[in-house]
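In what follows, a single structure is set out as structure tokens and then discussed.
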Amino acid sequence: MPNYLEKIVEFADVQEAKAVFGFNDEFLRLARERFTCKISGRGTQLILSGDQDEVYMALGVFEELLGLCRCGTSLTAHDVRYAIKLAREGSTQQLHELFEETIYVSAQGRSIKPKTLGQKRYIDAVRQNDITLGVGPAGTGKTYLAVVLAVAALRNHLVERIILTRPAVEAGERLGYLPGDLKEKVDPYLRPLYDALRDVMGEETYKRLIEKGIIETAPLAYMRGRTLERSFIILDEAQNTTSRQMKMFLTRFGFGSKMIVNGDLTQVDLPRGMRCGLKEAMRALDGVKGIGCVEFSETDVIRHDVVARIIAAYAQYEQEETEK
């Protein structure tokens with residue numbers, strides 16, 4: 001076999017090997033499914049053999065994963081799958097760049113870092129611009145990262161409060177028909193943002209800041225007439241804003257503030273014939289100084305593998321339906 005090659009990776013100890021192999025060799029199984037070379041783990045050794053191109057590619061992945069482990073990163077199945085994907089694209093070294101910077105350390109002591117290149121672009125865009133549009137499918141981390149960046153800005157005294165908002169219902173804001181006060185009416189729609197805040201800040205800190213009004217929630221309709229200064233403002237589910245709502249919201253921006261507008265253009269629930277404010281904003285504001293736009297794809301989905309496949313399948317189906 002002229003292109004046959006064997007390579008051996010030596011680990012410092014069994015614990016280090018287990019960290020790279022995964023629980024019950026989960027990461028080894030993922031690699032075996034995606035590479036044609038033979039991959040086996042024995043004690044403190046990883047043995048790769050077969051076609052030299054595949055061996056070198058797999059070797060690059062495992063060396064990168066080992067480097068991450070030695071830097072204190074706890075690997076996940078997503079990290080391994082993404083590392084293999086980058087290797088296939090000739091970009092394995094970029095995986096290390098994703099883990100170089102910690103965005104925030106949660107109340108539980110967990111380091112929060114970007115998981116995909118799309119997430120890294122999103123974080124960079126938020127830091128470099130006053131207003132950032134984040135557009136992409138479910139599971140890409142848009143909402144969670146927006147909350148993390150908002151909490152980090154609050155902690156570093158870059159802003160004085162966090163403001164959370166979104167369209168209150170799928171096709172229009174009819175809050176008057178819902179029971180309870182304003183907060184009780186809006187809360188169900190902001191649950192993903194609340195969950196992210198609790199995870200990042202901890203329950204006690206989250207409740208204290210809510211009570212003090214440092215974290216404020218309001219339906220999009222209540223933004224009219226306000227100027228939001230020294231605030232980190234997050235508009236979620238922005239695909240369900242109308243053209244007029246989006247323009248109204250964006251012009252609430254004040255001095256010393258940051259604004260993130262997130263949405264998924266594949267899940268627009270506006271009535272037929274009504275223009276989507278997010279889609280229009282992406283076109284109208286393209287190239288405007290101080291405004292960034294990041295588009296995620298199914299490769300940035302960090303949920304179960306099947307979620308990315310569902311998104312890709314629907315995208316293909318909708319394309320085929322459009323072409324009929």
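The table that follows gives values for the structure above.
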item	result
Overall Cα dimensions of the range 41-111 - principal axes, largest extent first, Å	46, 31, 17
Ranked packing of 126-136, 95-105, most packed first, by mean Cβ within 10 Å	126-136, 95-105
On Cα atoms only, tilt of 142-155 relative to the major axis of the chain in degrees	70
Relative contact order computed over the range 239-324 (Cα-Cα under 8 Å; 6+ residues apart), in percent	30
Amide H contacts of residue 216 (H built 1.01 Å from N, under 5 Å, at least 5 apart or other chain)	162, 163, 164
On Cα atoms only, tilt of 191-201 relative to the major axis of the chain in degrees	60
Charge-dipole axis of the chain as Lys and Arg at +1 and Asp and Glu at -1 on Cβ define it, positive-most pick from 65, 214, 145	214
Cα-Cα separations in the chain greater than 37 Å, expressed as whole percent	28
The chain - charge dipole about Cα centre, Lys and Arg +1 at Cβ, Asp and Glu -1, debye rounded to 20	1100
Charge-dipole axis of the range 1-155 as Lys and Arg at +1 and Asp and Glu at -1 on Cβ define it, positive-most pick from 8, 40, 131	131
Cα-based Kirkwood hydrodynamic radius, the range 1-60, one decimal, Å	11.6
Extended-chain gain in nm, criterion 0.36 nm per residue less alpha-carbon gap, residue 247 and residue 36	70.7 nm
Residue-span extension gain [residue 226 to residue 63] - 0.36 nm each, minus C-alpha spacing	53.4 nm
Entries in 115/142; 115/207; 7/38; 120/142; 142/258 that, when Cα-Cα distance is taken, lie over 18 Å	115/207
Computed [θ] at 222 nm, helices only, for the chain once each DSSP H run of length n ≥ 4 contributes -39500 (n - 2.57)	-13000 deg cm²/dmol
Accessible surface, per residue, of the chain when the full set of protein chains is kept, probe 1.4 Å, Å²	51
Contour excess over end-to-end distance, with Cα ends at residue 191 and residue 111 and 0.36 nm allotted per residue	26.5 nm
For the range 66-149, fraction of C-alpha pairs farther apart than 23 Å, in %	23
The chain, relative contact order [Cα under 8 Å, separation at least 6], %	18
C-alpha long axis of helix 117-128 to longest principal axis of the chain, angle in °	40
At R0 = 35 Å, FRET efficiency that the Cβ-Cβ distance of residue 315 and residue 272 yields, to 0.05	0.95
FRET efficiency estimate (nearest 0.05) - Cβ-Cβ, residue 85 to residue 25, R0 25 angstrom	0.80
Percent of Cα pairs exceeding the 16 Å cut-off, where the set is the range 184-234	46
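The values are calculated or read from the model by the stated rules, or taken from the named source; none is laboratory data. Given the structure is predicted, the values throughout are model-derived calculations rather than measurements. With ideal geometry, Cβ positions are generated from the backbone for all residues, glycine too; neighbour counts draw on all protein chains shown. For accessibility, only protein heavy atoms count, side chains too; no ligands or nucleic acids. Shrake-Rupley method; radii C 1.70, N 1.55, O 1.52, S 1.80 Å.
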